[in-house]
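What follows is a set of notes on a single structure, which appears directly below.
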Amino acid sequence: MPIIDIVIYAIALAIDATVVSIANGVCYPSIRKRMMFLMAGLFGFFQFLMPVIGYYFYKLFVGQITFISGMSKWIAFVLLTLLAIKMIIEGFNRIYKNEGIACDTSVRDISIKRLLYQAVATSMDALAVGISLAIAYPTQSIYTSTIIIGVITFVLSIAGVFFGARIGSIVTKYAPLIGGIALFFVGLKILIGF
């Protein structure tokens, strides 16, 4: 798999986690470094784990059905297009509604339970990406791609918390739209085969 494709996947997948990290940075401006690294680590780990689960789900179950494997490029394209549409709609909603970041002022520090919830919630889309990786690159190992996805998510999450107070409103508004467009073009690239 070309490195540029992996990086596009990684950045597009990391957008949700980055937006949540920015929100956490805005809402918890005095977050401890230990919690910041724990948050980024959890986000990165789940962004690594979910594509692996999706990849092996396809390999072990769906990929064994001849009819489905014959349509694999279309399946990858449809999955990525649906994810792209979801992100684009979310982006337009944020822009149209001029949504800012809502903070729960009754909570002074972010809890580990909340971090786990955020990590799982922001990585669910990565299951579909794991399936599309199994379809588009059936002979390549999933681990190089998912490690890069996890590391990029970790780095962007740290940056999100750090810069949350300064750029929070701009990034949370436009990031889903940009990520959705990027995922659509990755899906189109898989379908066309270039």
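Some values worked out for this structure:
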read-out	value
Criterion violated by residue 191 - all others in (1) modelled with pLDDT of 85 or more; (2) open to solvent by 10 Å² or more (accessible area, probe 1.4 Å) satisfied	(1)
Subset of segment 18-47 (residues that are under 10 Å from the mean Cα position of the chain (by Cα) and modelled with pLDDT of 85 or more)	43, 44, 46, 47
Every pair of residues 6+ apart whose Cβ atoms lie under 7 Å, when the first sits in segment 104-118 and is closer than 12 Å to residue 24 by Cα while the second is at pLDDT below 80 and hydroxyl-bearing (Ser, Thr, Tyr)	109/28; 110/28
Pair list, Cβ < 6 Å and 6+ apart or interchain, from segment 13-33 residues that are farther than 11 Å from residue 43 by Cα to residues that are at pLDDT 75 or above and part of a helix (DSSP H, G or I)	22/160; 24/161; 25/161
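The values are calculated or read from the model by the stated rules, or taken from the named source; none is laboratory data. What you see is a predicted model; the values in this text were computed from it and never measured. Glycine also receives a Cβ, built like all others from the backbone with ideal geometry; neighbour counts cover every protein chain displayed. These area figures cover heavy atoms from the full protein model, side chains too; ligands, DNA and RNA do not enter into them. Shrake-Rupley method; radii C 1.70, N 1.55, O 1.52, S 1.80 Å.
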